[in-house]
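What follows is one structure encoded as C-alpha cells, with my remarks underneath.
Computed from the coordinates by the stated procedures, all read-outs in this text should not be read as laboratory data. Worth saying up front: this structure is predicted, and the values here are computed from it rather than measured. Reconstructed Cβ throughout: ideal geometry from the backbone, glycine too, with neighbour counts over all protein chains shown.
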Amino acid sequence: MTGTPAGAEAASRATAAGPFDGPAIETHELRKQFGRIVALAGLTMTVRRGEVFGFLGPNGAGKTTAVKLLLGLSRPTGGEGRVLGSPMGDVATRRRIGYLPELFRYQSWMTAREVLALHCELARLDRVSWHGEIVAALALVGLADRSNDRVETFSKGMQQRLGLAVALLGRPELVVLDEPTSALDPVGRQDVREIIGSLRSRSVTVFLNSHLLTEVERVCDRVAIVDRGRVVAELGMAELLDEGGVRVRVSGLTGAASIAGRFGPTRVEGEWLAVDSITDQRVPALVSELVAHGGFVHAVVPARRTLEERFLSLLGAAPDVAPDVTPDVAPDGGPGGEAGVAVGRSSDPGARP
Amino acid sequence: MNGGAVFVIARLTLREAFRRRLLWALVGLTVLLVAATGWLFGKAAELTPLEGGAQQLVLSQLLVMIAFMFSFVLTMTAAFAAAPAIGPEIENGLLLAVLARPVRRSDVLLGRWVGLAIVLVGYSLAAGYLELAVVALMSGYLPVDPMVAPLYLAAEALVLLTLALVFSTRIAPVASGSIAVVGFGLAWMGGIAGGIGDYLDNDSLRTAGTIAHLILPSDTLWRGAMFALEPPPDVLAAAGAQARIFTVSPFFAGTPPPLTWLAWCAAWIVAALVIGNLLLRRREL
C-alpha cells in the first residue's frame, strides 16, 4: 500500500541519480507580486530528478506564474529557486530544458520543420544533429506527414503537438509542460501520456502543470497541490491517494465487523468491510483472524481515493470523504448491517449529518 | 548579449519580411514610384521655360519633394514593421517559447532591430539610387551629392524604426506605430521652426528647433538628405536672386548637418535601444 510501481521506480531513479545531481527543481519561499496582487505567496517545493511531477491547483493559484519564474520568463519578488542545479533563469541551463507553454504559438508563416529547425538553432544544438532531432520529434508527436505544411494550416491540437515536439528537441533533462493537453482530443491525450511515459523511462524529469486530474493521476509520480500561491500538499501519488486502509470481502462469518474493528475503525459496505488506518504489516493478521473465526476471505484491496476527491478535500472545497467510524458495534450482514456506524465529517461546514 | 541569438533572430526577421511579402510589396510600389517620377522629370525638364541654374533649382525642389514623400513612405514602413515586432509576440505567446531557450530579451530586441534595419536600409538605398539614376536619365539633373542622399534617408528611417521598436516593447502596435509617424511629423515641423528661427534670428524658434532635433533627430538627417539633393553651390550662385527665395522654403537646407549632430543621431539610436531593453526586461511575460 505504500507505493505504486511508478512511484517506487521514481524513488529508485532519484536515489540512483546520486547526491551530486541534486533535485531538478528546488524553490524556497518563492514569491511573486503584481502590484498589490499576490500571485505566489511563498512557494516551497522540491522536484526530484527523473520523476514526473504534477503541479496542481485551482485557477488563479499561481501555477503558470510559478512555471514562468522557474524558466526565467518572469522575475520573483522574493524567495529563491534552483533549476537543474543553477539559479532560476540561468541562460545556459535553458539549453537543458524543454518547455511547452500554456499559451502556445509558433511562427504561422513557417512549416513545422522550419519551426523545429529554428528551435534547434536557438537551443544551440549541433547542426549535424538537427535532422535526426526534427524527424524523431515530428514522428513522436504524430506530425511526420505534416512536416512541410505551414503552421497556419494546423488545427489548435496540431499546434499543441508541434509545441510538444519543440519541447522535446535536444534531449532535455527537464521538460516543463504547461497544460499540455488543453487542445487535444482523447487520442491526443493518450499520445501525450505515452510520451510522458517514454520520458520517464529515459529518466527525464517532467514538470506537468495541469488541471486535468485524471491525467495527472495516471502519469505522475508525485504532486504538489498549490492554493493561493502556496503549496498545501507535496507528496507521492500513492501516498496522496492511499487512505491507509483496506477493504476486505468476507462471507460466512457473523460479527466479522467486530473482529475487523480490533484492527481499526471499520464500516460495513455490503459484502465488504472497510477497515481504516490499518498498517500494511497488520493486514495478514486481520485476514488470519477472520479465517480463524470461520470466515471466507475472497478479496483484500487497498482503499484508495480518486485524486479529485483528495484534491478537493485538500483545498477545503469538498468534504473529506474518509468518514469517522466507530469500530466495534456494527453487526455483520446485509444492508441493515450498517446500523450503529457513525459517520462524521472532518472539515466541511456544510456536511451531511 | 548573445551574438549567435541576435543573428538567429535577425535572420528570422528577414525571412519573415520575405515570406510575408513585405519586400515584394515595397519593390512593386518602388517600380511604380520610379516610373512615375521618371515620367514627371522628363516632362518637367522638357516643359519648363527656365534654363541653366534656375531650371536646376526647380528640378532640385521637385526632387526634394519626392524625396520627402519617399521618406514618409520609409517612416510608415518602419512604423508598420517595427510596431508589431515585440509587444504582440509577447501577448500571443510566441516569444514565450523563444525566451525559454538560451536567449536574452536583449537578443530579441537587437535581433529584431538588426533584421528590420537590414530590410529598411537595403530598400532605402536600392530605391533611392534607382530613383536618382532615373531622374538623371530623364532630366539630366544631378544633385550635389547623389551617393550620400539615400544614406541620409536610410538613417532617418533607422531613427524612426528604433522609435517604433522601443515603444513596441511596452505599448500596443497601433499606438507605437502612430507615435513614430506623428513623431516624424513633429520633428519635421520642429526643424522648420528652427530654420525660420535662423532666418529671422529668433532665439525661441531656434531653441524649439534644437530641442526637437535633440528629442527626435530624424529631421537632422532629413536636412542632410535635402542638402545632398540640392544643386552644387556654383549652380545656386549662378541662380542668384531666385536661389535666395528658396532659402526660406521648408524644402531647402543651406548647410549639411554638422558632424556633432550626426554623432548625436548615432548616440540617440544606441540610447533608445538601451532604454528599449530596460523596458522589455521589466515587462511581465
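Descriptive notes on the structure:
- Once you divide the Cα radius of gyration of segment B:92-172 by 2.2 N^0.38 Å, the number left is 1.53.
- From the Kirkwood radius over Cα pairs of segment A:103-217, Stokes-Einstein at 10 °C and 1.306 mPa s returns a whole-number translational diffusion coefficient of 111 µm²/s.
- Ratio of Rg to Rh over segment B:82-139 (Cα coordinates, Kirkwood Rh, two decimals): 1.28
- Cα-Cα separations in the protein assembly as shown greater than 40 Å, expressed as whole percent: 49
- For the residues of A:116-123, the average number of beta carbons from a partner chain within 10 Å of their own beta carbon is 5.
- Mean per-residue shielding of peptide A:105-115 is 3, counting Cβ atoms of other chains within 10 Å of each Cβ.
- When the P(r) of segment A:99-156 is calculated, the portion above 14 Å amounts to 56% of the C-alpha pairs.
- Lysine-lysine proximity count for the protein assembly as shown, Cα under 23 Å, sequence distance 8 or more or distinct chains: 4
- Least to most buried among A:HIS131, B:HIS213 (fewest other Cβ within 10 Å first): A:HIS131, B:HIS213
- Ellipsoid semi-axes for segment B:106-226, based on the Cα gyration tensor and the rule √(5λ), read 26, 25, 10 Å when sorted largest first.
- Beta bridges by DSSP in the protein assembly as shown, antiparallel share as percent, to the nearest 5: 70
- Of the residues B:THR169, B:THR30, the one with the fewest other Cβ atoms within 10 Å heads the list, and the complete ranking is B:THR30, B:THR169.
- Mean Kyte hydropathy of 1.0 or more with a Cα span along the axis of at least 27 Å, helices from DSSP in chain B: B:22-47, B:52-82, B:105-139, B:149-168, B:173-200, B:259-282
- Binned Cα-Cα distances of segment B:43-105, short to long, each 10 Å bin given as a whole percent: 18, 24, 17, 14, 11, 12, 3
- Footprinting exposure proxy for B:TYR199, B:TYR141 (fewest neighbouring C-beta atoms within 10 Å first): B:TYR199, B:TYR141
- Placing a label point 7 Å from the Cα of A:LYS156 along the Cα-to-Cβ direction, the residues of segment A:91-115 whose backbone N falls under 14 Å of that point are A:102-105.
- Amide H to amide H, with H built 1.01 Å from N, A:VAL231 comes under 5 Å of A:THR44, counting only residues 5 or more places away or on other chains.
- Relative intensity of segment B:162-285 on a log10 scale, I(q)/I(0) at q = 0.14, 0.16, 0.18, 0.19 Å⁻¹, equals -0.69, -0.84, -0.98, -1.05, per a Debye sum over C-alpha point scatterers of equal strength in the absence of solvent.
- Remark: segment A:68-75, residue by residue, has Karplus-estimated 3J(HN,Hα) of 5, 5, 4, 8, x, 7, 9, 9 Hz, where x stands for each Gly or Pro and the curve is 6.51 cos²θ - 1.76 cosθ + 1.60 at θ = phi - 60°.
- Altogether, the Stokes-Einstein calculation at 20 °C and 1.002 mPa s, with the Kirkwood radius of segment B:28-157 over Cα pairs as Rh, returns a diffusion coefficient of 127 µm²/s.
- Normalising the Debye intensity of chain B to I(0), with uniform scatterers on Cα atoms only, and taking log10 at q = 0.10, 0.11, 0.12, 0.16 Å⁻¹ returns -0.56, -0.67, -0.78, -1.21.
- Stokes-Einstein D for segment B:172-245, Kirkwood Rh over Cα pairs, 20 °C, 1.002 mPa s (µm²/s): 155
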